[in-house]
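Only one structure is covered here, and it is reproduced in the block below.
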Amino acid sequence: MASIEFKRVEKRYADNPPTVPGLDLHIRDGEFMVLVGPSGCGKSTTLRMIAGLESVTSGELWIGDRLVNELQPAARDVAMVFQNYALYPHMTVFDNMAFGLRVRKQPASLIKSKVEQAADTLGLADLLARKPGQLSGGQCQRVALGRAIVRDPQVFLFDEPLSNLDAELRVQMRGNIGRLHREFATTSVYVTHDQVEAMTLGSRIAILNRGELMQVGTPMELYNDPDNVFVAGFMGSPPMNIVPVQNRGAGLKNALLDLPRADLGGLAGELLLGIRPEKLHPAAGSPDHWPRLRAKVEMVETLGAEMLVHLGDGSERMIARLPGLQLLTPGQTLELALDPDAIYLFDRHSRQRIRTVQPVAVAEAVPCT
Amino acid sequence: MKRVLGDIFSWRFALLLFAGLIVIYPLLWVVSLAFSGQQALQLVALPEGAGFWQQLAALVPLPQQWSLDNFRAVLTEQPFMRWLGNSLVVALSTTVVGLCLSCTAAYAFSRFRFPGRERGLMLFLISQMFPAVLMLIPLYVIVVQWLGLGNTWLGLVLVYAITALPFCVWMLKGYFDTLPYEIEESALLEGASRFTIFYRIILPLARPAIAVTALFSFMTAWNEFILASIFMDDESRYTVPVGLRFFVSDYASEWGFFAAGSILVSIPVILLFLALQRFLVSGLSAGAVKG
Amino acid sequence: MHLIQRALALWLCLCAVQAVAQEELLLWHGYRGAERQALEQLLDDYNRSQSQVRVRALAVPFGSYADKLSAALPRGQGPDLFIFAHDRIGGWASAGHSIAPIDDFVRPQVLERFPDNLLGAMRYQGSLYGLPFNFKSTALIYNRALIDSPPATTAEMIAQARAHTDRQHGRFGLAYSYTEPFFHGALMNGFGSGPFDAQNRLALDSDTNVRSVQLLTEWVRTDGVLPEEPNSTLVTNLFNQGRAAMVISGPWMLGEIDPQIDYAVAPLPRLSASGTPLAPWVAVEGLFLSPWSDSKEAAYRLMEYLTARESAEQMAIAGGQLPANLGAFEHPQIASNDVAMAFRQQLETAVPIPNLPEMTLLWKPLENVLKKVVKGAAQPAAAMQRLQRDLQRDIAALQASQSRDAGPAQLPAWLWGLGLFLLLAAVTALLKLRRRIAATWRHNRTAYLYILPAMLGMLLLVFFPLLYGLLLSFTDTTLLNENTPLASRWLGLDNYVGILGDWNLWYGAGAERSINFDNFYWTLLVTVCWTASNVLLAVGLALLLALALNKPIFGRAWFRVLLILPWAIPNYITALVWKGMFHPQFGVINQALQIFGIAPVAWFDSVGASFFTGLVTNVWLSIPFMMVVILGGLQSIPRELYEAARVEGAGRWFQFREITLPLLKPVLIPAIILSVVWTFNMFNVIYLVSDGAPAGANDILITKAFRIGFEKYQYAYAAAYSMVILALLFCYALWQTRISRTMEAAR
């Protein structure tokens, strides 16, 4: 097992702008690191650099105490699970799982016991004689997992391993992967574009956008304390409401809400205000000092226990997650209260979080009428 | 049953039947000449005042009497079996050598990006454009005079393998292009060397295309006679097509022997076609739409 | 040290002596069957009779014998002696390094074995180049059930023939391959001195030669006693079925005559007009000596042995030959053989084929003229005059190349300069880019190593010959100066100028104006039409068949196998079957047309019909490959696309146009490029089926190049032709890939 360290790692293809422009990231030993971001953000490239499938243009990449920039993939002692499984179609499940060991010239008895053990762990014992063509997607993915674990590598790499599976299997496999990580405690790097997977699996999550590292942290850190608009908007489903507000010297205002007495210190100009849908509560029953907003209901998505209410008047939109008790009809006006502890402010241009001012305190100081 | 009847009365079936007839008709002439025991095709001899159907029947290529004489003569007059064996050795070696050369080259063209790649591929295509008629003397100079490979099978095998190479490389490259990269990357991570990957992963996966290229190389070597008769200075080393050409000359040609011999020579190829039939279609163009 | 060297030298000497003790002689011949057995028996006897020399024989099939000789002999390879027809002596002797005179060895009494005309055949420019072994000439073979006594004059022959001709039922009084110059020679020689005059100058337009053609035309067109489109197979067939009363053919036909036919052989009749006998050409097979042989003396002794009377008798009795040693005909078994004696008698009037190198230029053009004239497409006198002009030009070209090497020409100075410049440029580039090259190599070593073996093979066996062809195309190499140094043959771009600047598109003037079929641009036009129509038809039909086979149908597997068959059988034989099927008089296609009340088509008489025969054959041959490719493409189109289109209400045609065709393109384009290249260079079909009929109008570039190289012996000009072909195809490939790439980009 080993830690992984990126030091100013850059990757560029030919003369194009860099896909990964100078990444600094430390993945701790035994950690389950999820790389997440929209497609094209460089997360797969980062993963493939760890594997050695892509060369590092500049900077240093360390696995454990080895500088691996020039090391062949085979010598890095990593295992990778691919999105399309990448099973060898002409080999049986057993042979697929045994391939890496055979290549490394392990004794046959050891191979057999290791493969069978892994197959037991993954519930593949009955399928060992089959070929990949005869397996379902979930089974294939388990074989791919098994192939990775039999080798007992220093690092597991996952490249969107669940995106070809249906929802139910995905949940199940997520559980499997989590369990395996708890069992083996091997350093793992997991690439996905699905923030739910990231939240459920990661010890820590690194969010990437256009090759830039946006924020690294535990799932709750990222959720509760996003550094910038991108992270705030990426984590959570539905995502955080982010609306532009104008700072008119002594208050924040836009078409939907009005925080007239917000004290923003020296901040001026245009800001972004963020609040998660679940932090919007029905006005009735909320503390009086919470700011209110009144908006038209555009659409209601009923999810059973709760509902997602889309509010807006054309230019500004927000979503509120409310208990599914009320009856709402589109067009009706709804009054909601904002949890002042959960209001985030961002700079509109740099899109970075503004931590110098706490809108919470502002709100508290000004009781609503 | 109903489906079969429906099939039979469909335009597709009619088309196939018609095409099948056109394909088989000239071949039947070859067969009937071979089995006629004679040396020339019987001319269509219309009976005097024959009716329409009689006239039509006269066009059916059937020998007047069946006889195996032609086959017997072909098999006994010359060391046919020995030459057949030589042909097999040459053709199989050509296939092996051709596959070795073309698989490695095609793999590199498909999987690596390197300076000169496009030009290299174009070179392979160009080599198909030069008329073979003029290659004879230079080939003789190289193979017999320079390499000293006259009267050896190695010389023949090399020439045949290289002749078939461009087609094989193009074919295989196209097929390799359709194989997913991840499989190789996975094997790479598992510690397999490039060669192991090539040998244990890519080649088994490309079986259809390899089957087709093998067939093509085999046929290139199997049917050629001019080079074979010019390079070989020992009758015991002739290949079957050389033997067959003894029956054809400017003055008199034993077409019956030649037809019988041709059929005997074609049998292994037809068997190969049958055996490789399931690969043939996918091998020539599999994944072309995907890729 | 010295001791060891001496011992070694001694040992080497001993080895040499031992080697001399048994010389090995290699003899090449083209025999098979009984002839071969008789020859091998003789050689066995010879080997057993003495111990100094061992003779080893190698049989070479006819189709490649000449090529094998001309590849091996000038390069010091090949046999010590060989048996071949005499008509190439002139070519070999002029080229040098191919054949050695035997004047130094020959004993006068040996020459007495042979008649003068056969010995004359072995002489070229005063030197004797071999001993005659056997002879083959034509004579009259007649069916005794139909002809009581052989005709003594041509008038009598034609009268008898008319009595036995019934064209309606395919019966003919006389049949022979009359359009082949070898057969027509009998008439030419009967009237006068043949194609060359007494001074060996070409005289095809002489009065006598024109009269010979006129007489033939009369026989074919006025008397109508001869079948159309004759060839040896047809003649044999007609005779075997009793549908030809008399045929003119040679001893080679005897073995194929149906045993039920009662036949006899007689010398050809006299010309009624002049009273001179028809004098058929005789081909003399001789024993020739290689100039490279280490044991010429022994080889000559073997020649003597093989032409001795006992040997000749054996070759005649066991091998069925007509031996050149006429003494053998006194052997009772031969003397009692009427057939052999008839040919022996025919020899008295027969004339050896001229062995001048020019003679080989004459066969094909003369045949074309004869074909044209007997069909009424040309007038004998005019056609022969034109042929004379054309051939004189070709001969002059050939001779010019030979006279050139008298004064050894220099490679032009600019060429040396260019070579030096290129070398310097390459070296400086190499030095300058050394680091980059090394880096590239390091970076892509694996890739280059993978390609290396294939590239080395290609360089050696493809690109070297190509370079050779390129060099050749800048010279004026012909048969006659092939073995002189390259520098002395250097010509520059003249060949290309000659090809591309050939704007003689027309022949004659006014009403007699006709297209010049030898013109490069005409041939190019034909080639382009040929390629385009072939590929279009093949792709279209293959697409149709593939569509029919794509979905399950009764007997699908069987149809698939069946439709692939033409691919599996050597195209040599199937092309010949197609040629047979297109025979205007006896081919099944015309028979079938007649059954359905359609007039038969003279397939090889017009440019269009003749083009059609090649087209049909080649499409038939190339459909399987296309079909399989397209089938593969069809099967990889996802079914959902069609379903989606159906849901949207698209009809079949729409689905085909919008889904099938675009998605087939990735498979089709490479297949089309390949098949264009292959069809452009499809030698076999054109050569075997229409053979460029009529008169070379349907030759494509590659067959034309072949004819220039191997029928006119202008090797360099043929090489330049090939280079032009290469350039054209290269441009096509560039254009096609660019088009498909831009189309790809536009999508």
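List of remarks:
- Listed residue pairs exceeding 21 Å between alpha carbons, taken from A:Lys43/A:Lys131; C:Lys364/C:Lys579; A:Lys43/B:Lys173: A:Lys43/A:Lys131; A:Lys43/B:Lys173
- The residue list C:Ser295, C:Phe520, C:Thr217 was ranked by how far each Cα lies along the charge dipole of chain C toward its positive end, using unit charges on Cβ atoms, and C:Phe520 comes out on top.
- Rounded to 5, the percent of DSSP beta bridges in chain A classed as antiparallel: 75
- Most fluctuating residue given options A:Gly233, A:Gly175, A:Gly211, as computed from a GNM of chain A linking Cα atoms under 10 Å: A:Gly175
- At R0 = 56 Å, FRET efficiency that the Cβ-Cβ distance of C:Leu486 and C:Trp653 yields, to 0.05: 0.35
- Building the convex hull from the alpha-carbon atoms of the stretch A:50-184 and averaging its projection over directions returns 8.9 nm².
- Taking only alpha carbon atoms, the protein assembly as shown gives an Rg to Rh ratio of 1.11, where Rh is the Kirkwood radius.
- Nearest 10 degrees, 0 to 90: helix B:80-111 Cα axis against chain B principal axis: 40
- Taking a point 7 Å from the Cα of C:Leu418 along the Cα-to-Cβ direction, the residues of the stretch C:480-503 with backbone N closer than 11 Å to it are C:491-494.
- With neighbours defined as other Cβ atoms within 10 Å of a residue's Cβ, the residues C:Ser533, C:Ser64, B:Ser217 order from fewest to most as C:Ser533, C:Ser64, B:Ser217.
- With a 10 Å cut-off around each Cβ of B:250-258, the average count of Cβ atoms from other chains is 6.
- Peptide ranges A:106-119, A:337-350 listed from the most packed, as the mean C-beta count within 10 angstrom indicates: A:337-350, A:106-119
- Residues A:Asp166 and A:Asp341, FRET efficiency given R0 of 30 Å [Cβ-Cβ distance, rounded to 0.05]: 0.20
- Between the C-alpha center of the stretch C:538-572 and that of the stretch C:249-302 there is a gap of 48 Å.
- Rg and Dmax of chain A, Cα atoms only, in Å: 24.7, 80
- Antiparallel %, DSSP beta bridges [both residues in the protein assembly as shown], to 5: 70
- Charged side chains reduced to their Cβ positions (Lys and Arg at +1, Asp and Glu at -1) give chain B a dipole of some 920 debye around its Cα centre.
- Potential lengthening of the chain between C:Leu547 and C:Asp223 amounts to 111.2 nm, from the contour at 0.36 nm per residue minus the alpha-carbon distance.
- DSSP beta bridges confined to chain C are antiparallel in about 65 percent of cases.
- Across peptide C:640-650, the mean count of Cβ atoms from other chains lying within 10 Å of each residue's own Cβ comes to 0.
- Average other protein chain Cβ within 10 Å of Cβ, residues C:440-451: 6
- Estimated distance in nm for a label pair at A:Thr356 and C:Asp166, the labels positioned 7 Å out from Cα along Cα-to-Cβ: 12.3
- Summing charges over all other residues whose Cβ lies under 12 Å from the Cβ of A:Asp227, with Lys and Arg as +1 and Asp and Glu as -1, gives -1.
- Simple point charges give the picture: +1 on the Cβ of Lys and Arg, -1 on the Cβ of Asp and Glu, and for the protein assembly as shown a dipole about the Cα centre of about 2520 debye.
- Cα centroid of the stretch C:181-213 to Cα centroid of the stretch C:46-96, whole Å: 31
- Theoretical ellipticity at 222 nm over the protein assembly as shown - DSSP helices of four or more residues, -39500 (n - 2.57) apiece, nearest 500: -15500 deg cm²/dmol
- Local electrostatic count, C:Ser232, Cβ distance below 14 Å [Lys/Arg +1, Asp/Glu -1]: -4
- When the alpha carbon coordinates of the stretch B:70-285 are projected onto the principal axes, the ranges are 65, 39, 27 Å, largest first.
- Per the Debye formula on identical point scatterers at the alpha carbon atoms of chain C, with no solvent, log10 I(q)/I(0) at q = 0.06, 0.11 Å⁻¹ is -0.48, -1.36.
- Approximating the spin labels as points 7 Å out from Cα along Cα→Cβ, the C:Gln199-to-A:Glu212 distance works out to 9.9 nm.
- Residues of type lysines that C:Lys296 reaches as a straight line, Cα spacing below 28 Å, ignoring anything fewer than 8 places off in the same chain: C:Lys68, C:Lys136
- For the stretch C:554-675, the alpha carbon positions stretch 56, 33, 33 Å along the principal axes, listed from largest to smallest.
- The residue among B:Ala132, B:Pro208, B:Ile263 whose Cα reaches farthest toward the positive pole of the charge dipole of chain B, with charges on the beta-carbon of Lys, Arg, Asp and Glu, is B:Pro208.
- A Gaussian network model of chain B, with springs between Cα atoms under 10 Å, assigns the largest mean-square fluctuation among B:Pro241, B:Pro63, B:Pro26 to B:Pro26.
- Chain A: angle of helix A:108-122 to the longest principal axis, Cα-based, in degrees nearest 10: 30
- Here the calculated FRET efficiency for C:Phe730 and C:Arg393, from their Cβ-Cβ distance with R0 = 22 Å, stands at 0.10, rounded to the nearest 0.05.
- Taken along the Cα-to-beta-carbon direction at a fixed 7 Å, the label points for B:Leu274 and C:Leu456 span 4.1 nm.
- Note on the stretch A:145-199 and the stretch C:119-180: Cα centroid distance 92 Å, given to the nearest whole angstrom.
- Order by protection proxy (mean Cβ within 10 Å, highest first), peptides C:616-624, C:556-564, A:319-327: C:616-624, C:556-564, A:319-327
- Protection-proxy order for peptides C:216-224, A:189-197, each taking the mean of Cβ atoms within 10 Å per residue, highest first: A:189-197, C:216-224
Quick note: the coordinates plus some simple rules give every number you see, no bench work behind them. Bear in mind that the values here come from a model prediction, so they are computed numbers and not experimental data. All Cβ positions, glycine included, derive from the backbone under ideal geometry; neighbour counts span all protein chains shown.
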